Structures are given as C-alpha cells and as structure tokens.
Amino acid sequence: MWQRIYEEVNDPNFVILCAAQDTGGEAVAGPIFDAANATYIQVVDPDHIISSAFNFVNVPSAAWVDEEGRIVRIDEGTYAKNHEIYKGDQTISFGTDVYSPALKDWIAKGKDSVHVQSAETVTSNIRQHTPDQLLADASFRLANLFRTHGYSEKAEHYWEKARSLNPDSVNFIRQNLTLTEEGSAGESFIKLRDGYITEGKDYYRPLDIES
C-alpha cells in the first residue's frame with residue numbers, strides 16, 4: 001500500500017523512509033521489501049534504534065518531517081489502510097483508512113494542512129524516556145548481540161531484562177514472538193491485544209484524525 005501511495009503522490013519533494021524494526025535483519029526484512037517492489041528508501045534497523053529515538057512502543061509508527069527538518073506530526077498505528085485477516089472462525093481487524101488521506105493532504109498543502117500538529121502537540125506525543133526504558137533499550141541491544149553470536153542463554157537473560165524494565169513496549173514482545181513458530185501476529189499477540197483492550201490500555205495511541 002505504501003508503494004502505491006508513493007506512486008500516486010509522485011512528488012519529488014516527498015520522501016518515504018521506511019525502517020524495518022527487526023532483529024532478523026536483511027534476511028527477514030529484505031524479502032518483504034522485495035515483495036512490495038518498493039522504490040522508496042528502505043533500511044533495516046535490527047536494534048530498533050529509530051523506535052528508541054522516538055520512543056515508539058509498537059509498529060507501524062511514523063513521523064512527518066517537513067522540508068526544514070521539523071517534525072510536524074508524530075503518530076502510532078500508522079497503517080495505510082484497514083486490514084482484515086481470518087483465523088479459523090475469527091476475523092481480526094486492524095489498521096485505519098484515515099491516515100493515508102491525511103498524509104496526502106499534508107503533502108499537497110504543507111504547513112496549511114489541518115493535520116499538521118503544533119510544536120506543543122508533537123512534543124507531548126513523543127513519549128519521554130524513563131531511566132528504566134533507557135536501560136531496557138540497552139538490554140535489548142545486548143540480547144541481540146548475544147543472540148547473533150550464539151550465546152542463547154545470555155540473549156534470553158537480556159531479552160527478559162528489557163521486557164521487565166519496559167513492560168509497555170509492544171515492540172519488544174512482538175519481536176520476541178518472531179522467534180516462535182506463530183510469529184508476531186499469532187495467538188499470543190491476539191491475547192496481548194485483547195488484554196490491552198480489557199484493561200482499557202492502548203497498544204497504539206489513538207489517531208486524532210477525523211474520518
């Protein structure tokens with residue numbers, strides 16, 4: 001969908017930089033980009049450096065950066081469209097149809113778009129790091145390093161430490177699930193999502209875009 005939107009906009013001043021947050025690296029993320037025939041900028045971020053910088057807790061998330069390098073909008077749950085997947089007799093719906101039209105409005109109108117956020121709103125929407133979250137990020141990267149070099153016990157230790165220090169990071173949980181047979185969108189993630197809903201918690205911050 002993002003490739004289709006990129007082609008529809010067809011504006012040399014509009015750039016998509018897509019960062020795959022995946023410890024599997026190029027081997028895992030590369031085929032996904034290849035299947036999309038993506039012509040926008042694609043990078044693989046196995047240590048979740050970008051998520052850490054913006055303190056994103058789930059994917060997909062996005063920041064709009066204007067031609068002067070200022071962030072003018074930052075959001076979570078930035079799907080290009082609404083999706084439905086079917087597991088047995090269960091239909092799982094996720095995503096939104098309002099985000100891509102809002103993005104196109106900004107591309108066309110720039111600072112005059114109604115979807116541009118104030119500096120105060122952007123600042124408030126960037127989650128502030130706690131000391132424990134910073135330690136969690138460091139632990140996550142150590143876990144990845146140990147796993148890469150075959151030290152599975154140490155990797156597991158630091159994975160669990162990262163999760164205990166930052167239990168609200170859905171990114172950490174989903175990344176760990178990618179190492180299982182069910183993957184990051186299987187039954188475990190569905191239970192996680194349902195638990196968030198039951199507790200009245202958001203695993204994405206709600207979009208303040210009117211449909």
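The values are calculated or read from the model by the stated rules, or taken from the named source; none is laboratory data. Note that the structure is predicted; figures quoted are calculated from it, not measured. Glycine also receives a Cβ, built like all others from the backbone with ideal geometry; neighbour counts cover every protein chain displayed. Please note that ligands, DNA and RNA were not included when accessible areas were found on the heavy atoms of the full protein model with its side chains. Shrake-Rupley method; radii C 1.70, N 1.55, O 1.52, S 1.80 Å.
Scanning the range 94-126 for residues that are closer than 14 Å to residue 208 by Cβ and small (Gly, Ala, Ser) returns 102, 113, 118, 124. The residues listed here are 36, 19, 27, 53; of these, the one that is under 30 Å from residue 147 (Cα atoms), free of Cβ contacts under 8 Å to residues at least 40 places away in the same chain and touching a Phe, Trp or Tyr at 6+ places or on another chain (Cβ under 9 Å) is 36.
Scan the range 112-124 residue by residue and report those that are closer than 20 Å to residue 5 by Cβ, among the aliphatic types (A, V, I, L, M) and crowded, with 17+ Cβ neighbours inside 10 Å. Across the range 112-124, the qualifying residue is only 116. Checked against (1) surrounded by 15 or more Cβ atoms within 10 Å (Cβ to Cβ); (2) within 17 Å of residue 78 (Cα to Cα), residue 154 passes all but condition (2). For the range 110-142, enumerate the residues that are closer than 21 Å to residue 175 by Cβ, touching a residue at least 60 places away in the same chain (Cβ under 8 Å) and of a type outside the set (A, V, I, L, M, F, W, C). Hits for the range 110-142 are 127, 129, 133, 137, 141.
Let me confirm something: among 117, 133, 90, which residue is farther than 18 Å from residue 16 by Cβ, of a type outside the set (Val, Ile, Thr), out of contact with any strand residue (DSSP E or B) (no Cβ under 9 Å at 6 or more places or on another chain) and modelled with pLDDT of 85 or more? Steps first, answer last, please.
On the way: 117 fails: out of contact with any strand residue (DSSP E or B) (no Cβ under 9 Å at 6 or more places or on another chain); 90 fails: modelled with pLDDT of 85 or more.
That would be 133, the only listed residue that is farther than 18 Å from residue 16 by Cβ, of a type outside the set (Val, Ile, Thr), out of contact with any strand residue (DSSP E or B) (no Cβ under 9 Å at 6 or more places or on another chain) and modelled with pLDDT of 85 or more.
Considering 147, 127, the condition of being within 19 Å of residue 45 (Cα to Cα), open to solvent by 60 Å² or more (accessible area, probe 1.4 Å) and modelled with pLDDT of 80 or more is satisfied by 147 alone. Remark: residue 28 falls outside the filter, which requires a residue to be among the aliphatic types (A, V, I, L, M), in contact with a strand residue (DSSP E or B) (Cβ under 9 Å, 6 or more places away or on another chain) and closer than 18 Å to residue 98 by Cβ.
Residues of the range 120-131 that are under 16 Å from residue 62 (Cα atoms) and assigned to a helix (DSSP H, G or I): 121, 122, 123, 124, 125.
Only one of the numbered conditions (1) surrounded by 12 or more Cβ atoms within 10 Å (Cβ to Cβ); (2) in contact with a strand residue (DSSP E or B) (Cβ under 8 Å, 6 or more places away or on another chain); (3) basic (Lys, Arg) is not met by residue 109, and that is (2). Scanning the range 5-43 for residues that are surrounded by 14 or more Cβ atoms within 10 Å (Cβ to Cβ), part of a loop (DSSP other than H, G, I, E, B) and among the hydroxyl-bearing types (Ser, Thr, Tyr) yields 23, 40. Looking only at the range 164-211, which residues are modelled with pLDDT of 80 or more and among the hydroxyl-bearing types (Ser, Thr, Tyr)? Across the range 164-211, the qualifying residues are 164, 169. In the range 157-176, the residue that is farthest from residue 22 (Cα to Cα) out of those that are surrounded by 18 or more Cβ atoms within 10 Å (Cβ to Cβ) and polar (S, T, N, Q) is 166. When the strands (runs of 3 or more DSSP E) confined to the range 50-99 are screened for residues that are surrounded by fewer than 16 Cβ atoms within 10 Å (Cβ to Cβ), those reaching at least 3 such residues are found at 82-87, 90-95. Cβ-Cβ under 8 Å, sequence separation 6+ or interchain: first residue in the range 89-107 and at positive phi, partner not in a helix (DSSP H, G or I). Which pairs? Short answer, once both residue conditions are applied: 95/77; 95/79; 95/80; 95/81; 95/82; 95/83.
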